[in-house]
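Student: Have a look at this one before I ask anything.
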Amino acid sequence: MIGIGDQLQFNSTNNFMTIQEVVLRRLNAPLKQPYVVSTRAIHAFDPIVVCIRNDDGGHGWGEALIAPGYTAETVEDSWQFCRGAAMAMLGERPAAAKDMLLDAASRHPGGASAMLSALDMMEEAPILRIDENLRIPLLAPVNAHEPAAMRQEIEQLLAAGYRTLKIKIGFDWQQDLARIEKIQQIVRGRAMLRLDANRGYDLGAGKAVASRLHPEGIELFEQPCGSDEWAAHAEIGMCSTVPLMLDESIYSIEDIARCGPLEGVGFVKLKLKKVGSPGMLVNALQYIRDQGMEPVLGDGVATDIACWAEACVATRCIRNAGEMNGYLKLGRSLFKNPLCVEEGEMVIPKGYWPQVDDAALDAVTVIRDVLTAQ
Ligand SMILES: [Mg+2]
C-alpha cells in the first residue's frame, strides 16, 4: 500500500452518518475478445466489487481485481479481508472505517483500496466531482500478431483517434522485436508505443530487447523482468535505447523511491488498487514526480467502477495517455450512463456521476454476500 502526505483520507463533513450495509461480490464479466499478456490469456474480469451504504441514503462502489502474480495477495485472502472489514465497519462512522482500513492496508492493498474507494464515493469526495466537461486520452492495446491483422487493427485504432498504443511483449524476445519493428513500420510516427513485457523476460532477453529497440515513436518499455529483480532492471536501464517503466515492482512508497536513482527508469506505473483511495493516489503520483520521474496511471483489467475513479484522478494529475481502458474490454458496461469514448478520449461530462446498472452487475455476479448492521 502506497500512502504518503497529509491528505491520505477525505473526511466527510457529515459526521453523523453510519455504515448500514456492505455488499461484496465476485464477478466473472466476459470480455469482447481475449486479452493476452505474457503470463496468461484473460477471457473475463473477476474483480471483487464492494458497495457500501450509509443510513443517509448514500452509497459508493469500489473494486479490485486480484491478478495472480501481479500482487502477493490472493483472491481468497482478499475476499476474507473484505468480509472481516465489512463486518467491523457496520454501525461505524466512515472516518473510523477508513482508519481501520489504513491500518490493514499494507497487507491487503487490493481489498483495502476497493473499500476505501467505495467510502470516498459514498461521501462524494471532491476528487470524484467533475466540474467541467473533460476529455482524457486513452491508450489502446494492439492485440493482433499477424502482419495483415496488425495493419488492419492499427489503422482502425488510428482512425478511431487513439494516439498511444500498447504492445504486449515478454514472449520470445526475437519474435517480439520483429513484431515491434513491424508495428513501427505500420504506425509511421502516427502514435506513441508503450511496450509491456509483464515480467516475461530474464536479464539476457531484457537487455537484448532494450539495446536493440529503434527508439522512434517508443514512449517506454515496461517491466521487462520479475517484480523483485531490481538489479536486472538497473542493468537493462543502462543499455536501453528508450526509458523503462516499472509496474509490477511498485507496491510501496519505498519502491517508488528506489526507482528514482536508477538510470534509464523514467516512468512509474500506478493503479488505484495498489494505492488505496483516490486521494492517496493523488499523493503517490506527485511523489513519483518528486523523484524526477513521470507517472502513468490506469488499470487495463478493471471495470467501469475503478476506471472512472482513476480517470477522475488522471484529469488532475496525468499528462500522458491513461491506461484506465479495462472497461472498454467488457462485453457489457456496468453503468447505466457509460463513459463514452470519442476520438480516442474518455469523455466525462460536467457533473457526471456513475449509475451502476444493477441488472448488468447481477448478470456477471458469481458470489454475493450482503452484510447488514443489526
Ligand atoms: Mg503493466
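Student: Mind pulling the angle between the C-alpha long axis of helix 304-317 and the longest principal axis of the chain? Nearest 10 degrees, somewhere in 0 to 90.
Tutor: 70
Student: Can you give the Rg/Rh ratio of segment 263-304, where Rg is from the C-alpha atoms and Rh is the Kirkwood radius?
Tutor: Ratio value, two decimals: 1.00.
Student: Nothing charged except the Cβ atoms of Lys and Arg (+1) and of Asp and Glu (-1): what's the magnitude of the dipole of the chain about its Cα centre? Round to the nearest 20 debye.
Tutor: Charge dipole, the chain, about its Cα centre: 720 debye, nearest 20.
Student: How far is the Cα center of segment 206-229 from the Cα center of segment 306-349, in Å?
Tutor: Result: 27 Å between the Cα centres.
Student: Using only the alpha carbons, work out the radius of gyration and Dmax of segment 134-355 in angstrom.
Tutor: When restricted to the Cα atoms of segment 134-355, Rg and Dmax are 17.0, 51 Å.
Student: Right, here's the next one. Where the centroid of each part is defined by its Cα atoms, how far is segment 351-374 from segment 76-99 in Å?
Tutor: Segment 351-374 and segment 76-99 have Cα centres spaced 17 Å from each other.
Student: May I ask you to derive the relative contact order of segment 134-355, considering only C-alpha pairs under 8 Å and at least 6 residues apart, and to give it as an integer percent?
Tutor: Across segment 134-355, relative contact order equals 20 percent.
Student: Would you compute, for the Cα atoms of the chain, the largest minus smallest coordinate along each principal axis and list the three values in descending order, in whole Å?
Tutor: Largest to smallest, the principal-axis extents are 63, 39, 37 Å.
Student: Follow-up. When the Kirkwood hydrodynamic radius is evaluated over all pairs of different C-alpha atoms of segment 150-239, what value in angstrom, to one decimal, is obtained?
Tutor: 13.4
Student: Okay, next question. Within straight cross-link reach of residue 166, meaning Cα distance under 27 Å, which lysines are found once same-chain residues fewer than 8 apart are removed?
Tutor: Of all the lysines, those that pass the test against residue 166 - Cα under 27 Å, at least 8 places apart if same chain - are 32, 182, 207, 269, 271, 273, 274, 329.
Student: Now a separate question. Restricting attention to segment 264-340, which trypsin sites (Lys or Arg not before Pro) occupy a DSSP loop and are surrounded by at most 11 other Cβ atoms within 10 Å?
Tutor: Answer by residue number: 319.
Student: Give the angle, between 0 and 90 degrees and rounded to the nearest 10, that separates the Cα long axis of helix 94-104 from the longest principal axis of the Cα atoms of the chain.
Tutor: Compared with the principal axis, the helix lies near 50 degrees.
Student: Return one number: the angle in degrees, 0 to 90 and rounded to the nearest 10, between the long axis of the Cα atoms of helix 109-122 and the longest principal axis of the Cα atoms of the chain.
Tutor: 60
Student: Could you state the principal axis extents of the C-alpha atoms in segment 284-374, from the largest down, to the nearest angstrom?
Tutor: Computed over segment 284-374, the largest-to-smallest principal extents equal 47, 38, 25 Å.
Student: Also: Please report the antiparallel percentage of DSSP beta bridges with both residues in the chain, rounded to the nearest 5.
Tutor: Antiparallel bridges make up about 60 percent of those DSSP assigns within the chain.
Student: Given that compact globular proteins tend to follow 2.2 N^0.38 Å, what is the ratio of the alpha-carbon Rg of segment 196-273 to that value?
Tutor: Cα-based Rg divided by the globular estimate yields 0.99.
Student: Looking only at segment 232-374, where both bridge partners belong to it, what percent of the DSSP beta bridges are antiparallel (to the nearest 5)? Don't skip to the end; give the middle numbers.
Tutor: Details: 4 of 11 bridges.
Around 35 percent of the beta bridges assigned by DSSP in segment 232-374 are antiparallel ones.
Student: Along its principal axes, what span do the Cα atoms of segment 95-200 show, with the longest given first and each in whole Å?
Tutor: Between the extreme Cα coordinates on each principal axis of segment 95-200 lie 56, 37, 18 Å.
Student: Could you run the Karplus curve 6.51 cos²θ - 1.76 cosθ + 1.60 with θ = phi - 60° over segment 273-278 and give me ³J(HN,Hα) per residue in whole Hz, x for Gly and Pro?
Tutor: Residue by residue, segment 273-278 yields 5, 9, 10, x, 8, x Hz.
Student: Check each of the trypsin sites (Lys or Arg not before Pro) in segment 118-167 and keep only those in coil by DSSP with at most 14 other C-beta atoms within 10 angstrom; list them in order. Please report the intermediate quantities before stating the final value.
Tutor: Details: sites: 129, 135, 151, 163, 166; in loops: 129, 163.
Counting only loop positions with at most 14 other Cβ atoms within 10 Å, the trypsin sites (Lys or Arg not before Pro) in segment 118-167 are 129.
Student: With runs of 4+ DSSP H residues as the only contributors, calculate the mean residue ellipticity of the chain at 222 nm using -39,500 (n - 2.57) per run, divided by the residue total and rounded to the nearest 500.
Tutor: Mean residue ellipticity, 222 nm, calculated: -10500 deg cm²/dmol.
Student: What is the percent of Cα-Cα separations in segment 148-203 that go past 18 Å?
Tutor: Beyond 18 Å sits 32 percent of the P(r) for segment 148-203.
Student: Here is a follow-up. Filter the GluC sites (Glu not before Pro) in segment 94-152 down to the DSSP loop ones having no more than 15 other Cβ atoms within 10 Å, then list what survives.
Tutor: 124, 132
Student: Among 26, 194, 179, rank each residue by its count of other Cβ atoms within 10 Å, from fewest to most, as a rough exposure measure.
Tutor: On the way: 26 17, 194 25, 179 22.
Fewest to most other Cβ atoms nearby, the residues stand as 26, 179, 194.
Student: Using the count of nearby Cβ atoms within 10 Å as a rough guide to exposure, how do 100, 238 rank from fewest to most? Present the calculation step by step, with values, prior to reporting the outcome.
Tutor: Working: 100 17, 238 14.
Going from sparsest to densest Cβ surroundings: 238, 100.
Read-outs: derived from the displayed coordinates by stated rules, not from any lab. Because the structure is a prediction, the values reported are computed rather than measured. In this analysis, Cβ positions are derived from the backbone assuming ideal geometry, glycine residues included, and neighbour counts consider all displayed protein chains.
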